[in-house]
Amino acid sequence: MGTRARVQLGGLSAQVLHHERALVERAAAGDTDAFERLMKRYHDRLYRYAHVRLGPQDAEDLLQDLYLAVWQELSSFRWDRGGSLSGWMFAIARNMVADRHRGKRVVFLPLESAAEPSVEFEHDAVSGRDLQCALEELPARQRDVIILRLLVGLTTSEVAAAIGRSESRVKDLQRRGLSKLRRWMGEQP
């Protein structure tokens, strides 16, 4: 690659990071095209997180609220505070999910409308409902780490920024959360 070799920084090449910084600066200055490009870059992972935590309809609603919050607060985001844009946005998303869980009403669906999709966990097909129940049994930080790392696909450093903990703490939370999930899923019929 010669002099054009890319330096890897937390999973992003220096070139990509420079481009992202330029988009953030433009979006913070009111450039809606730059903002739209940033949100498209993160949409799938943000949606996946919101979908796992809230379900499909609430996920769409959360994303709209999240995009508005990011647009309004983007000028306060600072690269020099050791954060990443994805970590900052997922921290906002986590807080919004927590707010929605605090004010959530329980809605019962008829059994015939509750599809039972299966998902893969530890190379076995398991009930999506069982995995969701197991995730809900985990302490909040362990649950968030498992979802952000394994279901959304964030790096350890991005998760650390999102939850405000060190990378070593994220790894510990992931290890302990997976251990509890394995035990819980092993007890299911």
Task: Matching residues, segment 13-27, being at pLDDT 90 or above and surrounded by fewer than 13 Cβ atoms within 10 Å (Cβ to Cβ) - done: 22
TODO: Within segment 148-189, work out how many residues are part of a loop (DSSP other than H, G, I, E, B) and within 19 Å of residue 41 (Cα to Cα).
DONE: 3
TODO: List every residue pair whose Cβ atoms lie under 9 Å apart, where the two residues are 6 or more positions apart in sequence or sit on different chains, the first residue falls within segment 49-77 and is within 24 Å of residue 31 (Cβ to Cβ), and the second residue, located anywhere, is hydrophobic (A, V, I, L, M, F, W, C) and loosely packed, with under 15 Cβ neighbours inside 10 Å.
DONE: 75/29
TODO: Search segment 100-130 for residues being modelled with pLDDT of 65 or more and closer than 22 Å to residue 60 by Cβ, and hand back the single one that is surrounded by the most Cβ atoms within 10 Å (Cβ to Cβ).
DONE: 100
TODO: State the number of residues belonging to segment 135-189 that are touching a residue at least 40 places away in the same chain (Cβ under 8 Å), closer than 20 Å to residue 84 by Cβ and not polar (S, T, N, Q).
DONE: 14
- [ ] Can you tell me which residue within segment 28-65, out of those that are under 14 Å from residue 77 (Cβ atoms) and of a type in the set (Gly, Ala, Ser), is surrounded by the fewest Cβ atoms within 10 Å (Cβ to Cβ)?
- [x] 29
TODO: Could you pull out the residue among 55, 30, 10 that is more than 26 Å from residue 166 (Cα to Cα), at pLDDT below 90 and small (Gly, Ala, Ser)?
DONE: 55
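The values are calculated or read from the model by the stated rules, or taken from the named source; none is laboratory data. A quick note: this is a predicted structure, and the numbers were derived from the prediction, not measured. Here Cβ is always computed from backbone atoms with ideal geometry, including for glycine, and neighbour counts include all displayed protein chains.
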